[in-house]
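Everything on this sheet refers to the single structure shown next.
Derivation of every value follows stated rules applied to the coordinates shown; laboratory data play no part. On a predicted model such as this, the values are computed, not experimentally measured, just so you know. Glycine gets a Cβ as well: all are built from the backbone with ideal geometry, and neighbour counts include every protein chain shown.
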Amino acid sequence: MSNQKQHNENKKKVAAKKKKEYWTKETEEAVKEYLKNDFNYYQYKIDKHKEEVEKSKGKKREIPLDEDFILLNESMVDYTSRLEIIRLKDEIFRKGIHKPLIRLVENIIFSFKLFRSGVDVKTLHNDCMSFVLEKFCNFDPEQNTKSFSFYGTVAKHYLQNKKKEVDKETRSVLDYESHSEEAEELSAFELDEESELDSSMALFKHITDIFEEVIDKSDISKNDAKVADAIVQIFKSHELIGVYSKSAIYKLIKEHTNLETKDITYSLHRFKILYRLKKQEFVKKHKDKYYGNDDMFLF
């Protein structure tokens, strides 16, 4: 690599680092401390557990209701509802989280150009901030993910969905005679996009279910079970985590399992083979429903 190219790469890295400087290690710690004192956080844990128990009923891997878990978190709800704890929580938010969160939402809006017609930036920002604060207690520090990524993803998805709603309404009121070609192009694109999404999500769910079943098998090794469980957790929370690159996913698996690199690689190699076989079976079985006469997925 030439000196000039190396210099440019270093500049990019420095610039990228500066962009996130507002969300520091201290911010991450403030988020953890805030949640530790937030009754909404413990109530959300209770509600989520009950929901998972309800969803698992009748399935192979039924989740039992953990009464001790519920009682513990209920006691924390009572404790953190005390006035002095609420005041402490608010102080933590004002001093360590409020400004970084403002910057985070602001950067999401401008970086991805998620503006909406007829809505000024200040209103847009306040609207998104309200939504992120509503979902603030959904972040779980115990999952070894960064709050920066979690809240950034929540903000991004919210703004994207709102923008899509506005764009859809705008398209629906277009005069067809004046914009017939534009309307037809948009319709064709949306049909293709929906078809691809349907097939991808069906396969995604199918593979997740298979990996969940693998965890319960008696002949699976401890390392394989850990890696499979990590993959399932990542799959189930992919929209919140917002991590899709191989390196980032690998890092999450390592944090989740605490295994050595060689052990993770060894397990992943076997799961890749399983994935290819199950994908092949799925595509053949659902070829007419999802893929028509297209053989591009058969390999």
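Mind running the shape call on region 39-104? Use the C-alpha gyration tensor, a ≥ b ≥ c as the square roots of the eigenvalues: rounded below 1.5 for a/c, prolate if a/b tops b/c, oblate otherwise.
In terms of gyration-tensor shape, oblate.
Which number do you get for Rg(Cα) / (2.2 N^0.38 Å) in region 19-173?
1.22
Got a sec to turn the phi values of region 226-234 into Karplus ³J(HN,Hα) couplings, 6.51 cos²θ - 1.76 cosθ + 1.60 with θ = phi - 60°, whole Hz, x for Gly and Pro?
Coupling constants for region 226-234: 5, 5, 4, 5, 4, 4, 4, 5, 5 Hz.
Relative contact order for region 19-173 using alpha-carbon pairs under 8 Å, separation at least 6, rounded to a whole percent?
In percent, rounded to a whole number, it is 29.
Using packing as a proxy for protection, rank 258-270, 59-71, 144-156, 124-136 so that the peptide with the highest average count of other Cβ atoms within 10 Å comes first.
Details: 258-270: 14.0, 59-71: 10.6, 144-156: 20.4, 124-136: 16.3.
Descending packing order for the listed peptides: 144-156, 124-136, 258-270, 59-71.
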